[in-house]
Structure formats: structure tokens, C-alpha cells
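Below: the structure, in C-alpha cells.
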Amino acid sequence: MESLTTTVPVDNKRQSPPKRPFFKILRPWLVLGVLLGGGIIGWVISRPSLDKSPTPSSVAVQLESVQVGSIVSSSEFVGALEAYKRVVIRPEVSGYITQIFVTPGQRVKAGTDILQLNPDRRRAEFSGAIADIEAAQAARNTAQAQLLEAEASRAALAAEVDLQTKEFDRISRLVKQGALPQQNLDQTRRSRDTALAQLKAADRRILATQAAVKENDAAFRRSQANARAAREDLQDYRIQASIDGVIGDLPVKTGDYVNTGDLLSTLTQNQVLELRLSIPVEHESDLELGTSVELRLQPDSDPLTIGQISYVAPRVDSNAQSILAKARFPNPGGRLRDEQFVRAKVIWSQRPGLLIPTQAVSFVGGQPFVFVVQETSKGNQQTVQQRPIKLGEIQGNNYPVLSGLKNRDRIVTSGILKLSDGTSIIDEAKGSANE
């Protein structure tokens, strides 16, 4: 059997790989050249001049020197003011209102008429009491005249008794001497006895007249007392202001009938106001008469008025563990009102210390920091140091500095979010001046 053999021609030459395009071979070198060229050009453009030393960019900020101020230790309270004097106007009698003399909000003096009630019945009683006074006075005058007459009559009778007594003594001697008969002595005795009897009657009449005078005096005094009572009852129908003050609301009108004790209005004297304060016992040693208290309507507003502690309770409230104190305030311009809620700041102490603006402080993990200006050795260049400090309780827009700063240290007050320790800064105020 024949075998079939297939013959494949063989190329004795070595086969070469396929050739790449020339551009693909040069592309990586071109990219590298572009990058190197751009970097060289950028370096040339941005290269600083040889006569200037390289400096980092500076942050424009505002600076302020730390100053000595007054550090205040205080506590704030909220309460309602009370008028130093306030009375409630109530009638002491019942009746119809016949006249109203004032208007709500009117400022009046003590003794000013406010309301008039119908006084017809009391006026009649007062008129009767006046008539009784006149009658009692007339009776007393009559009794006094009779007493004067009786005393004058007794004086004449006493003189007569003296004369008759002397005549009796003379006749007695003459009778004993036998110069006159006994009959003359008997006649003289009768005359003397008659005069004595008339004198005794005059004495009794005087005693009776004196008793009548006393009785009429008592009746006169009683009638005067009755008249005064009637006058006071009559005055109860005219309601008057008991103190200087401002009339409150008047919810009544002419013709209304009011009963004894009805609330008619209020009379408030608000030139001076008081505030009740419950002071915690931990301030017991600080609390004393004369301690300053500032009144405000808002937490950060200026004080409306400044008063003083005028009363401190002698005991502690066992439930609240606080001490009752009262502060008294003037009310200039009448801006404050009775029962108005206010904020009161009790000033416990004041001492000199360092104060810095709140905007100069940053907090990191609860620790307060400020950026303090540091002068460098390179001309006027300045950098900042982030320095930890210890602060007191905020006072308005400032913090008291307890430690970490010195007087006249310069600190950054704006742009602190752009700063870090060692950042170069420019003072905006000096920059604006240079411009």
C-alpha cells in the first residue's frame, strides 16, 4: 500500500515580529517632555526675585490690647415689682354713687375727692346733731348765768350776815351793861338768824346751779360728740384719697349702688418700688443691707435703675433654703410699674481684672484659647500663638480672664477661624492706614 506524504515548504529565514507605528513609540516620551517643560516654565514664572526672601502668606486680622476692667461677681433673679405704697379703695357705707371726681390713671394728692355716695339720711342726722349742740349750749349758758347770779346774791347775803353778827355783838354788850333792854337784843338775834338762813339758802342754790351747769356741760359735750360722729358718717359717703398716687381702673359709674367693702379702685404710689428676692443660703455671707441691685428688662440691656437691699429676713426658708430679701428702687420717669416682671442682678463684689471680647475666644474640647500676637525677628512681621486661658463668668460682651494673659497683651479679635499656631498676620488697622 502506498503512503501518501504531504510536503510542507520550510523557510529557513527567522520570522521577525510585527512592526509598531512610529507615533505609538514616541507618545510616552512626548508626554514626559510636556510635563517637564510645564514644570520648568511654572517654576520660572513663580520664582521669587533674588533680592526678596520667601515669606508665607499673611492673614489680615483685627487686634486689640488686653485692658484692665472691673470684674463683677453677681447673681440674677426674676421677680415682680411691688409699689412701695398701694391702697385698695373700698366704701365704708352702702349707697348710690352720685358723683365721680377722678378718672383712671389720674395722679392725685392725699385728701382728693374720688367718689360721692348719696348722703341724704346721714345729712339729716348731722343736722339734728348740730341742733342738739345749739340747744345744749343754750342750756349751759343759762345755767352758767344762774350760777353767776346765785354767787352774787350769796356775796350780798354774806355781807348782811357779817353786819348782823357785829350788830348782835354790840347790842349784847349794851344789854349786859343795862344800857338797852333785852327786847333790843332779841330783835337783833332774829335779824342775824334770818341773814344766816338766807346765806345757807344761797349756798344750796349755788350748789344746785353748779350741778345744772355740769349737767349742761356734759350734755353739750355729748351733743358735740354726736355731731362729730354724724360728720364722720357723712364723710364716709365722700371717698377720698388716703395717699398720693395714681388712680387705677374705675369699673363703676354714676348711679351704681355699691355695698360696704366693694372693690372700687386702687391707689398706687410707684415713685418707689420694691422687689422680693429669694437669695440662696450660699450667699448668706455676701447678703447685707445696702448691697447694689440692678434692674433690667432684657438680659443684656443697660440697667433701667439701680437700687439697694433694704431688708434681709432674720431666718431661712426651710423649704427653699433661701433668705428673703427686699430691694428698693427709685422709678425715674415712671418707666416701671407695679407688678411688672423684671430681671434683677445682685452685685456681690467688684474688683479690677482683665477683660477680653467674647469674639476673641475659641474653644477646643471645652478649653478656651486666644491668639496672642508674637513679634518676630524679621522686621515688622507678626505671628500668633494659640494660648490656653482660664475664663470667669461672662459679663455682657466680655469675658473676665482669670489666668493666661497679661495686661497689654495684644490678641486677635477677628478672623480667628483662619488662624493656627504660628500663622503670620497683618493688622487691618495698620494696613488701612498705609493705604
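Could you say whether any residue in the stretch 10-25 is in a loop (DSSP other than H, G, I, E, B), surrounded by 10 or more Cβ atoms within 10 Å (Cβ to Cβ) and either hydroxyl-bearing (Ser, Thr, Tyr) or at pLDDT below 80 (or both)? Let's see the steps before the verdict.
Here is the first cut: in the stretch 10-25, the ones in a loop (DSSP other than H, G, I, E, B) are 10-21.
Next, only the ones that are surrounded by 10 or more Cβ atoms within 10 Å (Cβ to Cβ) stay: none.
No.
Considering only the stretch 45-63, state which residues are open to solvent by less than 80 Å² (accessible area, probe 1.4 Å) and either assigned to a strand (DSSP E or B) or modelled with pLDDT of 50 or more (or both). Reasoning before the result, please.
If we filter the stretch 45-63 for residues that are open to solvent by less than 80 Å² (accessible area, probe 1.4 Å), which is where we start, we get 48-49, 58-61, 63.
Residues satisfying the conditions are SER58, VAL59, ALA60, VAL61, LEU63.
For the stretch 202-232: of the residues being open to solvent by 100 Å² or more (accessible area, probe 1.4 Å) and farther than 22 Å from ALA150 by Cα, which is modelled with the lowest pLDDT? Don't jump to the end; show me each part of the working.
Looking only at the stretch 202-232, we keep the residues that are open to solvent by 100 Å² or more (accessible area, probe 1.4 Å), and these are 204-205, 207, 214-215, 221-222, 228, 232.
From what's left, farther than 22 Å from ALA150 by Cα: 221-222, 228, 232.
Values: ARG221: 87, ARG222: 87, ARG228: 81, GLU232: 75.
So, considering only residues that are open to solvent by 100 Å² or more (accessible area, probe 1.4 Å) and farther than 22 Å from ALA150 by Cα, the one modelled with the lowest pLDDT is GLU232.
Just a yes or no: is a residue in the stretch 246-260 closer than 30 Å to THR103 by Cβ, over 27 Å from the mean Cα position of the chain (by Cα), in a strand (DSSP E or B) and not acidic (Asp, Glu)?
Let us first name the residues in the stretch 246-260 that are closer than 30 Å to THR103 by Cβ, namely 246-260.
Retained after the next criterion (residues that are over 27 Å from the mean Cα position of the chain (by Cα)): 251-260.
Then keep just the ones that are in a strand (DSSP E or B); that gives 257-258.
Filter once more, keeping what is not acidic (Asp, Glu): 257-258.
Looking for residues that are closer than 30 Å to THR103 by Cβ, over 27 Å from the mean Cα position of the chain (by Cα), in a strand (DSSP E or B) and not acidic (Asp, Glu), one finds at least one in the stretch 246-260, hence yes.
Does the stretch 139-146 include one or more residues that are under 30 Å from ARG221 (Cβ atoms), open to solvent by less than 60 Å² (accessible area, probe 1.4 Å) and without any contact (Cβ under 8 Å) to a residue 60 or more places away in the chain? Quick ask: steps written out before the conclusion?
Step one: list which residues in the stretch 139-146 are under 30 Å from ARG221 (Cβ atoms), which gives 139-146.
Pick out the ones that are also open to solvent by less than 60 Å² (accessible area, probe 1.4 Å) and you get 139-140, 143, 145.
Those still in the list that are without any contact (Cβ under 8 Å) to a residue 60 or more places away in the chain too: 145.
For the stretch 139-146, residues under 30 Å from ARG221 (Cβ atoms), open to solvent by less than 60 Å² (accessible area, probe 1.4 Å) and without any contact (Cβ under 8 Å) to a residue 60 or more places away in the chain: present.
Determine, yes or no, whether GLN235 is under 28 Å from TYR84 (Cα atoms) and at pLDDT below 90.
Numbers: under 28 Å from TYR84 (Cα atoms): yes; at pLDDT below 90: yes.
Yes: the conditions hold for GLN235.
For the stretch 261-270, indicate whether the set of residues that are outside any helix (DSSP H, G or I), without any contact (Cβ under 8 Å) to a residue 12 or more places away in the chain and over 30 Å from GLU134 (Cβ atoms) is non-empty.
The answer is no; no qualifying residue exists.
Among the numbered conditions (1) open to solvent by 40 Å² or more (accessible area, probe 1.4 Å); (2) touching a Gly at 6+ places or on another chain (Cβ under 8 Å), tell me where VAL293 comes up short.
Going through the list (1) open to solvent by 40 Å² or more (accessible area, probe 1.4 Å); (2) touching a Gly at 6+ places or on another chain (Cβ under 8 Å), VAL293 breaks only (1).
Matching residues to (1) part of a strand (DSSP E or B); (2) within 38 Å of the chain's Cα centre (by Cα); (3) not small (Gly, Ala, Ser):
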site	(1), (2), (3)
VAL93	no, yes, yes
VAL102	no, yes, yes
SER127	no, no, no
ALA145	no, no, no
VAL161	no, no, yes
PHE168	no, no, yes
SER172	no, no, no
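Name the residue, out of ALA129, ALA150, ALA135, that is of a type in the set (A, V, I, L, M, F, W, C), modelled with pLDDT under 90 and either closer than 20 Å to THR268 by Cα or open to solvent by 50 Å² or more (accessible area, probe 1.4 Å) (or both).
Values: ALA129 fails: either closer than 20 Å to THR268 by Cα or open to solvent by 50 Å² or more (accessible area, probe 1.4 Å) (or both); ALA150 fails: either closer than 20 Å to THR268 by Cα or open to solvent by 50 Å² or more (accessible area, probe 1.4 Å) (or both).
After applying the criteria, what remains is ALA135.
Counting only residues that are in contact with a strand residue (DSSP E or B) (Cβ under 7 Å, 6 or more places away or on another chain), farther than 30 Å from ALA320 by Cα and open to solvent by 30 Å² or more (accessible area, probe 1.4 Å), how many does the stretch 254-281 have?
Going through the stretch 254-281 one residue at a time, the tally reaches 7.
Please go through the stretch 382-421 and give me each residue that is within 26 Å of VAL72 (Cβ to Cβ), surrounded by fewer than 15 Cβ atoms within 10 Å (Cβ to Cβ) and of a type outside the set (Gly, Ala, Ser), ordered by number.
PRO388, LYS390, GLU393, ILE394, ASN397, LEU402, LYS406, ASN407, ARG408
So is GLN350 in contact (Cβ under 8 Å) with a residue 24 or more places away in the chain, of a type outside the set (Gly, Ala, Ser) and either outside any loop (DSSP other than H, G, I, E, B) or in contact with a Gly (Cβ under 9 Å, 6 or more places away or on another chain) (or both) or not? Break it down stepwise before answering.
Working: in contact (Cβ under 8 Å) with a residue 24 or more places away in the chain: yes; of a type outside the set (Gly, Ala, Ser): yes; either outside any loop (DSSP other than H, G, I, E, B) or in contact with a Gly (Cβ under 9 Å, 6 or more places away or on another chain) (or both): yes.
Yes; evaluated as a whole, the condition is true for this residue.
How many residues does the stretch 94-117 contain that are at pLDDT below 90 and buried (at least 17 other Cβ atoms within 10 Å of the Cβ)?
Number satisfying all stated conditions: 3.
The values are calculated or read from the model by the stated rules, or taken from the named source; none is laboratory data. This structure is a prediction, so every number in the text was calculated from the model and none was measured. Because the Cβ atoms are built from the backbone with ideal geometry, glycine has one as well, and the counts that use them run over all protein chains shown. To get the accessible areas, we keep the full protein, side chains included, count just its heavy atoms, and leave off ligands, DNA and RNA. Shrake-Rupley method; radii C 1.70, N 1.55, O 1.52, S 1.80 Å.
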